[in-house]
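The structure appears below as structure tokens.
The values are calculated or read from the model by the stated rules, or taken from the named source; none is laboratory data. Keep in mind that this is a model prediction, so the values were computed, not measured. Here the Cβ positions follow ideal geometry from the backbone for every residue, glycine too, while neighbour counts run over all protein chains shown.
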């Protein structure tokens, strides 16, 4: 009886502290959500004026200078009402293509080796520790590395290829960690069952385990791309151009990206540039939401409950 009374008393003492903690937690979350929604509302209100409103031309006529399609395909301009994001949009697509074709095989290959084939020794634990640390390194460091290795040492110059490889270094640790977690989620009974039926370890891994882990790997890859597509600092430090008035046509072409283009527009003092930069942010948000939605659909459709 005394123990039950002591337990009840302890629970009553904890109750006010738990209530205070929950109130602080809910308040923090509310402030974060309200701040985010305020920023999004401001961007949508100013950017929609740039995308859909009519602008006065001359003294008499009035016509629509830009619509969403014109803004997406037009070249940059010193006139905020005529500036388009076409070269930056194409440059971003080039970057994402290079990142996908370099990060996915390297990231998934490293994850498969570390999780399924690597011996569990000090070297493996050292590599795993460094992968975890690299995932938290500031993106500026990767920009400096890209400048030193790809731009100068490899001789690729300030090209799309240098930018894509720099972003690959940025998200590679994240993709490796996510892919390893997807492999860990596959039960050992799948491996043991394949081996019991006479399959080699290689066959068991690549015919049973990896296909089961592919949805998690793809989800991690898409989330990594979502981070890479919004990065500005690495590309600026590795020397990406801020004003590009042509479309990149090869991996060795000069380029700019949507975040850099928006960063460049915000620096202009005229008030009209705020609308133009907000329109660029809307496009970037649409791309980010699309990629995250794809990751969510892949996870929900192909994820298995073991």
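Remarks
- Selection of the stretch 150-167 for residues being farther than 17 Å from residue 233 by Cβ, assigned to a helix (DSSP H, G or I) and touching a residue at least 40 places away in the same chain (Cβ under 8 Å) yields 160, 161.
Quick grid of which residues meet (1) at pLDDT 85 or above; (2) over 30 Å from residue 84 (Cα atoms):
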residue	(1), (2)
4	no, yes
11	no, yes
40	yes, no
52	no, no
57	no, no
62	no, no
70	no, no
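- Matching option when the condition is more than 21 Å from the chain's Cα centre (by Cα) and either on the phi > 0 side of the Ramachandran plot or surrounded by fewer than 20 Cβ atoms within 10 Å (Cβ to Cβ) (or both), among 123, 134, 144: 123
- Flag if residue 232 is crowded, with 23+ Cβ neighbours inside 10 Å, in contact with a helix residue (DSSP H, G or I) (Cβ under 9 Å, 6 or more places away or on another chain) and under 23 Å from residue 97 (Cα atoms): no
- Test for residue 170: is it part of a helix (DSSP H, G or I) and surrounded by fewer than 23 Cβ atoms within 10 Å (Cβ to Cβ): no
- Residue 204 passes every criterion in (1) in contact (Cβ under 8 Å) with a residue 40 or more places away in the chain; (2) within 22 Å of residue 124 (Cβ to Cβ); (3) surrounded by fewer than 24 Cβ atoms within 10 Å (Cβ to Cβ) apart from (1).
- Candidate set from the stretch 236-278 (those that are at pLDDT below 85 and crowded, with 24+ Cβ neighbours inside 10 Å); member that is farthest from residue 165 (Cα to Cα): 240
- Residue in the stretch 183-200 that is farthest from residue 103 (Cα to Cα), counting only those that are part of a helix (DSSP H, G or I) and touching a residue at least 60 places away in the same chain (Cβ under 8 Å): 184
- Search result, residues across the stretch 126-137 that are in contact (Cβ under 8 Å) with a residue 40 or more places away in the chain and in a helix (DSSP H, G or I): 131, 132
- Tabulated pairs, the stretch 138-149, first part of a loop (DSSP other than H, G, I, E, B), second modelled with pLDDT under 85, C-beta under 9 angstrom, 6+ apart or interchain: 138/233
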